[in-house]
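Enquirer: One structure coming up, written as structure tokens, with questions to follow.
The values are calculated or read from the model by the stated rules, or taken from the named source; none is laboratory data. As the structure is a computational prediction, the values presented were derived from the model and not from experiment. Glycine also receives a Cβ, built like all others from the backbone with ideal geometry; neighbour counts cover every protein chain displayed.
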Amino acid sequence: MQLYINTYGAYVHIKDEMFEIRIKKDKEIEKHHYSAKKVKSIIISLGAALSSDAVKLAVENNIDIVFADWNGFPYGRVWHSKLGSTTKIRKEQLKASLNEIGLKWIKEWISVKIINQTDFIKNLKKHRQTKTEFLNDKIEKLQNLEISLIKLNANCVADIAGTIRGIEGTAGRLYFETLSYVLPDEYKFKGRSSRPAKDPFNTFLNYSYGVLYSKIEKALIIAGLDPYLGFLHRDDYNQLSFVFDFIEPYRIYADTVVFRLFSAKKANQKHTDKITRGYYLNKEGKELLIKAFNNYFEEDTIRYKGRNQTRSNAIQMDAHSFANSLIK
């Protein structure tokens with residue numbers, strides 16, 4: 001399981017070799033206990049605290065501790081100091097970022113992202129026959145963009161990075177226009193927005209992406225990859241460039257969780273608060289999203305590479321597979 005500590009004033013420490021979370025409610029103190037053997041990661045929002053003993057127990061059990069900002073974006077992480085794999089993987093990752101291997105993978109990841117977006121819209125058609133013409137138009141345009149991407153040729157990503165970003169950006173605009181179009185009127189939105197989000201849908205989506213960033217970073221670290229050594233995304237100071245590259249095929253998971261909450265009208269105005277220039281996901285909204293996110297990633301299973309897997313395990317398998325491909 002993943003522990004999400006988002007209650008202001010919550011305190012995590014150790015009791016009987018278990019994580020104990022103390023939460024003050026009115027004048028009472030609630031206590032929740034979790035075995036270190038069952039916890040995969042601990043994500044802590046602003047306003048919570050943990051003891052050094054809790055950090056030690058987490059490190060001893062390979063549990064990463066992630067510190068997330070108000071938007072769900074991870075800004076820090078406590079992880080054991082052992083590399084856990086051969087340094088050859090990172091050396092080959094650097095080489096790939098400068099040659100045709102990196103380009104091959106970027107084209108594949110962005111292509112899968114666009115295919116996922118296309119398939120998502122195809123599924124929307126099943127129960128929205130009155131919107132078929134609009135949806136077919138978007139499907140055709142996305143398919144053409146994916147074909148254009150696959151046809152691109154160069155010696156490395158840098159030679160055509162602008163073109164790739166242009167295709168990806170156009171696909172994203174068409175995709176989110178479609179999601180807004182099919183949502184109930186009260187949830188429609190005008191394109192993607194972040195930090196802060198301009199509407200409730202993007203507020204949920206940004207937080208969901210933030211949690212997914214953390215999950216992807218962990219998968220890369222476990223596989224022996226460098227989260228900062230990207231292929232397409234720029235190597236800006238302290239930016240997890242490779243996380244932003246590798247995450248692309250899996251954004252559809254976060255999209256699905258959020259879209260289902262809104263299309264089923266489980267998410268509503270009470271889950272977000274209006275702030276200066278945008279919206280903020282409040283405590284009730286975070287609890288709703290995290291529960292749905294955990295169920296989708298950790299409880300539900302999919303048929304993947306001949307086995308029933310959780311989506312979290314599938315991501316980890318892909319990270320290992322990519323790392324292994326670099327050193328074959």
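Enquirer: What number of residues in segment 288-328 are over 25 Å from Gly72 (Cβ atoms) and among the basic types (Lys, Arg)?
Expert: The total comes to 4.
Enquirer: Among the listed residues Gly285, Gly306, identify the single one that is small (Gly, Ala, Ser) and under 13 Å from Thr203 (Cα atoms).
Expert: Step by step, each of Gly285, Gly306 is checked, and only Gly285 is small (Gly, Ala, Ser) and under 13 Å from Thr203 (Cα atoms).
Residue-by-condition table, conditions (1) farther than 30 Å from Lys122 by Cα; (2) buried (at least 19 other Cβ atoms within 10 Å of the Cβ); (3) over 17 Å from the mean Cα position of the chain (by Cα); (4) not acidic (Asp, Glu):
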| position | (1), (2), (3), (4) |
| --- | --- |
| Ala161 | no, no, yes, yes |
| Ala171 | no, yes, yes, yes |
| Lys188 | no, no, yes, yes |
| Ser214 | no, yes, no, yes |
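Enquirer: Inside segment 297-328, can you point out the residues that are buried (at least 16 other Cβ atoms within 10 Å of the Cβ) and assigned to a strand (DSSP E or B)?
Expert: Gln309, Thr310
Enquirer: Further question: Considering only strands (runs of 3 or more DSSP E) fully contained in segment 23-72, which possess at least 3 residues that are out of contact with any Ser or Thr (no Cβ under 7 Å at 6 or more places or on another chain) and within 22 Å of Glu284 (Cα to Cα)?
Expert: 28-35, 41-44
Enquirer: Is it the case, given these coordinates, that Glu186 is in the same structural domain as Gly278 (by TED's automatic domain parsing) and either at positive phi or at pLDDT 95 or above (or both)?
Expert: no
Enquirer: Go through (1) at pLDDT below 95; (2) of a type outside the set (S, T, N, Q); (3) within 17 Å of Asn6 (Cβ to Cβ) for Ala292 and report which single condition fails.
Expert: All conditions pass for Ala292, except number (1).
Enquirer: Are any of the residues in segment 194-211 part of a helix (DSSP H, G or I), hydrophobic (A, V, I, L, M, F, W, C), at pLDDT below 95 and not assigned by TED's automatic domain parsing to the domain that holds Ile44?
Expert: yes
Enquirer: Something else: Does Phe262 count as among the aromatic types (Phe, Trp, Tyr) and crowded, with 19+ Cβ neighbours inside 10 Å?
Expert: yes
Enquirer: Let me ask something else. In segment 223-246, is there at least one residue being farther than 28 Å from Ala171 by Cα, touching a strand residue (DSSP E or B) at 6+ places or on another chain (Cβ under 9 Å) and at pLDDT 90 or above?
Expert: No.
Enquirer: Those residues that are closer than 17 Å to Ile43 by Cβ, of a type outside the set (Ser, Thr, Tyr) and part of a helix (DSSP H, G or I), I need them from segment 276-296; list them, please.
Expert: Lys283, Gly285, Lys286, Glu287, Leu288, Leu289, Ile290, Lys291, Ala292, Phe293, Asn294, Asn295
Enquirer: Cβ contacts < 8 Å: first residue over 17 Å from Phe134 (Cα atoms), restricted to segment 161-187; second residue of a type in the set (A, V, I, L, M) and part of a loop (DSSP other than H, G, I, E, B), any location; separation 6+ or different chain. Result?
Expert: Once the first residue is over 17 Å from Phe134 (Cα atoms) and sits in segment 161-187, its partners that are of a type in the set (A, V, I, L, M) and part of a loop (DSSP other than H, G, I, E, B) give Ala161/Leu232; Thr163/Leu152; Ile164/Leu152; Ile164/Leu232; Arg165/Leu232; Tyr187/Ala267.
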